[in-house]
Amino acid sequence: MPSINDILILLPEAYLVVAACVLLLLDAYLKPAQKGIVHWLSIVVLLVGAYLVVDGQPATSVTAFSGMFVRDGVSEVLKLFSLLIMAVIFVYARPYLKERAIPFGEFYTLSIFATVGIMFLVAAGNLVTVYLGLELLTLSSYALVALNRDSQLSSEAAIKYFVLGALASGMLLYGMSMVYGATHSLDLHTIHAAIVGTEWKTLLLFGLVFMIVGIGFKLGAAPFHMWIPDVYQGSPTAVTVFIGSAQKLAAFGMAYRLLSTGMGDIAGGAAGLAPQWQMMLAVLAVLSLAIGNLVAIVQSNLKRLLAYSTISHMGYLLVGLVNAGPEGYSASMFYAVSYALTSAAAFGMILVLSRSGFECEEIDDLRGLNQRSPWFAFLMLLVMFSLAGVPPLFGFFGKLLVLKAAIDAGMLWLAIVGAVFAIIGLYYYLRVVKVMYFDTPVEGKDVHARADAPARWVLSINALALLVLGFTWAPLLAWCQRAFAG
Amino acid sequence: MSNHLLSLLIWLPVVGAVPVLLAGAGRPGLARWISLLVAVATFAASLALLPAYDAATGTLQLGESLSWIPSLGINYSLAVDGISVALIILTTFVQILVIVGAWEIIQNKPHQYMAAMLVLEGLMIGVFCATDALLFYVFFEAMLIPMFILIGIWGGPRRVYATLKFFIYTFFGSIFMLIGLIYLYHKTGGSFAIADMANVHLTLTEQAWLFFAFLLGFAIKVPMVPVHTWLPDAHVEAPTGGSVVLAAVMLKIGGYGFLRFSLPITPDASHEFAWLVIVLSLIAVCYIGYIALVQQDMKKLVAYSSIAHMGFVTLGIFIAFLLVRDSNNPDAARLGMQGAMVQMISHGFISGAMFTCIGVLYDRMHTRQIKDYGGVINVMPVFAPFYVLFAMANSGLPGTSGFVGEFMVILASFSANPWIALFGAFTLIIGAAYTLWMVKRVLWGDIKNKHVAELKDVNGREIFVLSAFAAGVLVLGIWPEPLVHLMDASVARLVEQLAITKV
């Protein structure tokens, strides 16, 4: 029976749901001039949520509602960073939403609901929780993508996202049903034990394939990446930044729960289906690296470029997961966090440089940025080199860890593939730097950082963190390793 | 203070770049003076290495070590031996001249130029100090960022092409080195310390793979034939200061990498494939010499001559394997290695000086084509002697630094195989041919066009820079003993290591 203890374990999520409802009500009763309050309140709500996540964190892994919900180190790290990144996104989004008259209240409430979805997804101990978390997250995201309802591009993106997303959810559910049929359980640990005990794996393998389709879709790994470029480009940038950063943490959490906890793990000798999903992920990784990096080269739209770059980055994340051991998981989680921080800064830059009637989303719009705003050009340089994986920036160390995890798993070839595509990827990141630093600005397209001061300050801190974390990433790594050690 | 001397050397210029940037575009004078101050302070600090370093033992000294990433066993550990000390002082010395050289030449955002130069300096010093492979790699790669910016913003007309090629080419080489390093980390059981990597037992096959991973990384940096094609482009398009740093210091990092990684970690594979490197070096010396001969562009000519001279460095390093293992002649091996080191330092002065000279001409005429010049000596009587001196040094005239290193390497190769020495000695002819022919066409003869007739001679600032380079070239040529002594014990230790098989 659910007890008060179960509720306490769920406290951060419960609190956020209540807070989101309150915000929704408040927004409905505020005068248009006072809507700014909602903005600041929602940031406070997220920060308090982050505090609750860390403060109530039990020393060991605990479960609530008969194993439906897990609160462990992994969920702590993922939740905390999701909440913090969401708070950062809210700061970036304000001037953008204000200038485009996109409704404030809906944006914040939907985003907070999506965040709750992320928190359930990464803390799932049961297939049903995975599905519930995923649906809460994606349904809120569909609405967010369509938020700018007068824009054709935005509506098109929302329809595409919804149709493909629903298909992927269906696939996932279908896979889950097969796994349920084979193991007679929805609980991930029970499934794991049943898989290790059984010899008859055909049905399970079918189920696994369908679940990997669902995971691949959520990650945006090739060949399930088709929605990424259109959705990234079509969504209001304030929503793209959310899909491009915090959601990647959710996708990693979902992959970890379903594959490692559910389908098998090489740690402890009982491999289950680990060898099978390792190979499947390796294929996804290589395809994502190839498609993401090669197609990004020809993009002229910055949002699309970052979309293809996401695909390639998910390839690297998968390179780490292929390891299928604690070391690989911690490397991948580190990668997910570093990528989420970097891409938040990258999209944040687009938000800060946009102004009413002008989306700074073509690469050419950045021409000669160094002449006009040397500081923001420098920040964007940091972001680009971090994405490209050039030391001493944060992004390099994520790559180092996933390549190391692949080599430790005996997959030297995969590490070499990763390295080769890092060289190819370097080209298009350098192209952005080239446009900002080496080209002269075009008359009439004077890009300036016009966003309000909080957005500019937070963006500066966000981008500088990529440099600072390049020197001080030890605690984060230790934290990620601790999360998977138990 | 002396415990943290190396950290000071690395971070002083990097941190010093911040006030230079803050001075901003509005106060170029302030930015210049701060950067000069930082460069001089760094040079002074690097001179403090000389008394602090005990050249008699040749071990790694002045070590500092901090745990950087405890859970992976990565350390921020620094130390220097004689070779690094010499290269660090070369770096800090050249940096002052580069900053003075760019004084009023760089008008477009001088504060960013100076700051990039200072950051670059700190990172290059970091490469020479790091004893942890990952730390080395971080400096090695980070160095590309300021250089990319330097060529891209202040370069010539095809600067974007050149700088992208430079960055991607070098990144391509080093990423495989990174894979090799991670593999070694796996082998050592969790240590990135270069010393631990050197102690690990590796089969010949593993060594061969690692050797080629390192070779790719360092050969591109040196650069060796056939992966040298980025260098002429980068040199031609880079601003004068960028060319000077590239030729004087950055290329040396390739040679230094061979010493730090290939030799101690994969000695058997290095021995196995020494013939390959020697053949490539000889191709660089002879064939690239011929290519230099036909160049129309002065900078390109000096760039190709750099490749040829760096061929001596790789030749001197790898000839040692033949001498130690096949001919059992460690003394000659030591001579060859010593020669390679002297050649590195000397080439630093000479190539830096040559590029500065070309820069002086380019600033006045805005052309680097040899055919646009002629009879320059008639209008620039002070400049001409410097140009002739550096040209002589470049062709290896005894009494200049260019002679010492090449002669030592040729002597050592003779003990290994007279044919190698013969091909190596070829440089004395071909080097003289391309350099002196250029001097003839640029300096001598009658004034052929009116732009040359209007040339103004060098000013005080330029005389200072050229004199400093000239002093380096002459002192090293006449009295190389202090430099040889500084590096001797360290080289001897390296040669001892070569003899130990790891299989």
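Buried accessible surface for the A/B pair, both sides summed and rounded to the nearest 100, is 3200 Å² with a 1.4 Å probe. Quick one: which of B:LYS165/B:LYS300; B:LYS371/B:LYS440; A:LYS303/B:LYS165; A:LYS98/A:LYS303 span more than 18 angstrom between C-alpha atoms? With Cα atoms farther than 18 Å apart: A:LYS303/B:LYS165; A:LYS98/A:LYS303.
Calculate I(q)/I(0) for the range A:4-485 by the Debye formula, one identical point scatterer on each C-alpha and no solvent, and give its log10 at q = 0.10 Å⁻¹ to two decimals. For the range A:4-485, the Cα-only Debye profile gives -0.69.
With only alpha-carbon atoms in the gyration tensor, what are the semi-axes of the equivalent ellipsoid for the range B:344-441, in Å, largest first?
Working: eigenvalues 181, 34, 22 Å².
Here the semi-axes work out to 30, 13, 11 Å.
As a length-normalised measure over Cα pairs under 8 Å and 6 or more apart, the relative contact order of the range B:363-503 settles at 40 percent. For the range B:95-116, accessible area lost to neighbouring protein chains reaches 20 Å² or more, against the chain alone with a 1.4 Å probe, at B:LYS109, B:GLN112.
Taking Cα centre as origin and charging only the Cβ of basic (Lys, Arg, +1) and acidic (Asp, Glu, -1) residues, the dipole magnitude of chain A rounds to 600 debye. The trypsin sites (Lys or Arg not before Pro) found in the range B:414-502 that occupy coil by DSSP, while having at most 10 further C-beta atoms within 10 Å, are B:LYS456.
The helix-only estimate of mean residue ellipticity at 222 nm for the protein assembly as shown, built from DSSP H runs of length n ≥ 4 each weighted as -39500 (n - 2.57), is -24500 deg cm²/dmol after division by the residue total. For the range B:434-503 and the range B:258-278, compute the distance between their C-alpha centroids and round to whole Å. Comparing the Cα centres of the range B:434-503 and the range B:258-278, I get a distance of 28 Å.
The base-10 log of I(q)/I(0) for the protein assembly as shown, evaluated at q = 0.06, 0.07, 0.10 Å⁻¹, reads -0.47, -0.63, -1.13 [Debye formula, identical scatterers on Cα atoms, solvent excluded].
Accessible surface calculations at 1.4 Å, restricted to protein heavy atoms, place chain A at 33 Å² per residue. Counting Cβ atoms of other protein chains within 10 Å of each residue's Cβ and taking the mean over peptide B:171-179 gives 6.
Between B:GLN107 and A:ILE4, the simple label model (points 7 Å from Cα in the Cβ direction) yields a spacing of 7.9 nm. Find out how many positive minus negative residues lie around B:MET147, taking Lys and Arg as positive, Asp and Glu as negative, among other residues whose Cβ is under 15 Å from that of B:MET147. Residues close to B:MET147 contribute a combined charge of +1.
What does the extension gain come out to for B:THR367 and B:ARG493, with contour length at 0.36 nm per residue minus their alpha carbon separation?
Numbers: separation 126, 0.36 × 126 = 45.36 nm, distance 4.75 nm.
Contour length minus the Cα-Cα distance gives 40.6 nm.
Note on B:ALA41/B:ASN417: beta-carbon distance plugged into 1/(1 + (r/R0)^6) with R0 of 41 Å gives a FRET efficiency of 0.30. Note on the range B:49-106: Rg/Rh from C-alpha atoms, Kirkwood Rh, equals 1.18. Here's the list of lysines a cross-link from B:LYS502 could span, going by alpha-carbon distance under 21 Å and ignoring same-chain residues fewer than 8 apart: B:LYS187.
For trypsin sites (Lys or Arg not before Pro), the sites in the range A:58-158 that DSSP calls loop and that have at most 14 other Cβ atoms within 10 Å are A:ARG149.
In the range B:63-89, burial by the other protein chains removes 30 Å² or more of 1.4 Å probe accessible surface, compared with the chain on its own, from B:TRP68, B:ILE69, B:SER71, B:LEU72. In degrees between 0 and 90, to the nearest 10, how far off the longest principal axis of chain A does helix A:326-353 point, with axes built from Cα atoms? Between helix and principal axis, roughly 20 degrees. Scattering from the range A:70-197 was approximated by placing one identical point on each alpha carbon and applying the Debye formula without solvent; log10 I(q)/I(0) at 0.12, 0.17, 0.18 1/Å stands at -0.58, -0.97, -1.04.
Segment B:TRP437..B:ASN328, full-extension length gain: 35.1 nm, with 0.36 nm per residue of separation and the alpha-carbon distance subtracted. Taking the Cα centre of the protein assembly as shown as origin and assigning +1 to Lys and Arg Cβ atoms and -1 to Asp and Glu Cβ atoms, the resulting dipole is close to 1640 debye. Distance from the alpha carbon centroid of the range A:5-61 to that of the range A:209-273 works out to 26 angstrom. Ranking A:ALA123, A:ILE89, A:SER154 by how far each Cα lies toward the positive end of the dipole of the range A:89-157 (charges on Cβ) leaves A:ILE89 at the top.
So how far, in whole Å, is the C-alpha centre of the range A:89-104 from the one of the range B:194-212? Cα centroid of the range A:89-104 versus Cα centroid of the range B:194-212: 56 Å apart.
Largest first, how would A:TRP200, B:TRP68 line up by accessible area (1.4 Å probe)? All intermediate terms of the calculation are to be shown ahead of the outcome.
Details: A:TRP200 155, B:TRP68 40 Å².
From most exposed to least exposed: A:TRP200, B:TRP68.
Length available on full extension from A:PHE358 to A:ARG482: 0.36 nm per residue minus the Cα-Cα distance, which gives 40.1 nm. Distance between the 7 Å Cα→Cβ label points at A:TYR51 and A:ALA14: 1.9 nm.
Here the range A:351-403 has 49 percent of its accessible surface on carbon and sulfur atoms, given a 1.4 Å probe and all protein chains in place.
About its Cα centre, the dipole of the range B:2-499 is roughly 1360 debye, where the only charges are +1 on Lys and Arg Cβ and -1 on Asp and Glu Cβ. For chain B, find the longest principal axis of its Cα atoms and tell me its angle to the long axis of helix B:330-365, 0 to 90°, nearest 10. Once rounded, the angle reads 30 degrees. Computed over protein heavy atoms with a 1.4 Å probe, the carbon and sulfur contribution to the accessible area of the range B:2-499 reaches 68%. Distance between the 7 Å Cα→Cβ label points at A:TRP413 and A:GLN34: 6.6 nm. If R₀ is 45 angstrom, what is the calculated FRET efficiency for the pair B:THR203 and A:THR60, using the beta carbon separation as r and rounding to 0.05? Once the sixth-power term is evaluated, E becomes 0.55. Cross-link partners of B:LYS299 among aspartates and glutamates, defined as those whose alpha carbon lies under 19 angstrom from its own and excluding same-chain residues fewer than eight positions apart: B:ASP233, B:GLU237, B:ASP363, B:ASP372, B:GLU462. Counting only alpha carbon atoms, the long axis of helix B:159-188 and the longest principal axis of chain B meet at about 10°. Annotation: Cα Rg of chain B relative to the compact-globule expectation 2.2 N^0.38 Å equals 0.92. Accessible surface calculations at 1.4 Å, restricted to protein heavy atoms, place the range B:2-499 at 31 Å² per residue.
The values are calculated or read from the model by the stated rules, or taken from the named source; none is laboratory data. Please read all numbers here as calculations on a predicted model, not as lab measurements. Neighbour counts run over all protein chains shown; Cβ positions are idealised from the backbone, glycine included. Protein only, heavy atoms only, side chains kept; ligands, DNA and RNA dropped before computing areas. Shrake-Rupley method; radii C 1.70, N 1.55, O 1.52, S 1.80 Å.
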